[in-house]
Amino acid sequence: MKQSVRSFAIGLFTAGILLLGGIFFFSTGGEKVEDLAAEDLIDLVEQKGYYVLNKEEYIAASVGDESKTASAESTSKEENSEQESSNKEEDASKDQEDEATEKAKEENSDENDSEKAEKEEEKEKTSYTLKIQEGMASSDISSVLENNDIIDDAGEFNEYLIDNDYHLKVQIGEYELTTGMSHYEVAEAITK
């Protein structure tokens with residue numbers, strides 16, 4: 001044990017020395033910022049697309065910005081008041097148009113709502129008497145229910161029966177089922 005730990009440590013030490021030597025001898029070093037003159041640095045930064053300002057130029061620019069922003073705010077307030085008055089006139093005409101279109105939509109929607117309600121009542125009234133006989137599989141029951149519009153998807157309902165262990169509890173008999181019943185309600189009805 002002692003020998004293997006010692007060999008491992010010597011290997012790490014040797015690898016570290018080799019890496020240090022490689023970095024020392026083969027590194028290019030590059031130019032350090034400290035070695036460059038201020039003018040060279042400014043030229044380098046400007047080539048990258050930046051602006052260089054000395055302290056005095058910076059102060060003048062920041063003071064000038066404050067006066068520019070104050071004058072810009074006063075002119076923008078004047079422009080905003082003019083735009084607001086013209087916008088109010090446009091809004092009034094748009095409001096009148098909107099009210100007219102809303103009335104027309106309400107009349108159409110009332111007619112559509114009554115038609116939809118009638119269709120929903122027809123769907124709700126659809127009922128089916130399911131006769132489960134001995135030996136019927138849950139997939140057969142699901143197919144019959146889908147064919148009679150009690151459920152939307154036979155495969156999905158069959159998976160529901162299997163996942164919730166209803167397929168083991170299905171009882172022989174006749175069951176009154178209606179459109180719009182949930183999977184749970186149908187499963188509970190046929191397993192009583």
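Any idea which residue in the stretch 151-170 is surrounded by the most Cβ atoms within 10 Å (Cβ to Cβ), counting only those that are closer than 15 Å to Ile132 by Cβ and out of contact with any helix residue (DSSP H, G or I) (no Cβ under 7 Å at 6 or more places or on another chain)?
Of everything passing the filter in the stretch 151-170, Lys169 is surrounded by the most Cβ atoms within 10 Å (Cβ to Cβ).
State all residues of the stretch 147-192 that are assigned to a helix (DSSP H, G or I) and touching a Phe, Trp or Tyr at 6+ places or on another chain (Cβ under 6 Å); if no residue qualifies, say none.
Once the filter is applied, which keeps residues that are assigned to a helix (DSSP H, G or I) and touching a Phe, Trp or Tyr at 6+ places or on another chain (Cβ under 6 Å), the stretch 147-192 yields His183, Ala187, Ala189, Ile190.
What are the residue pairs meeting all of these: first residue in the stretch 5-33, first residue farther than 30 Å from Leu44 by Cβ and in the same structural domain as Leu44 (by TED's automatic domain parsing), second residue acidic (Asp, Glu) and modelled with pLDDT under 85, Cβ atoms under 6 Å, and 6 or more apart or on different chains?
Note: no pairs meet the criteria.
The values are calculated or read from the model by the stated rules, or taken from the named source; none is laboratory data. Values in this document were obtained by computation on a predicted structure and should not be read as measured data. All Cβ positions, glycine included, derive from the backbone under ideal geometry; neighbour counts span all protein chains shown.
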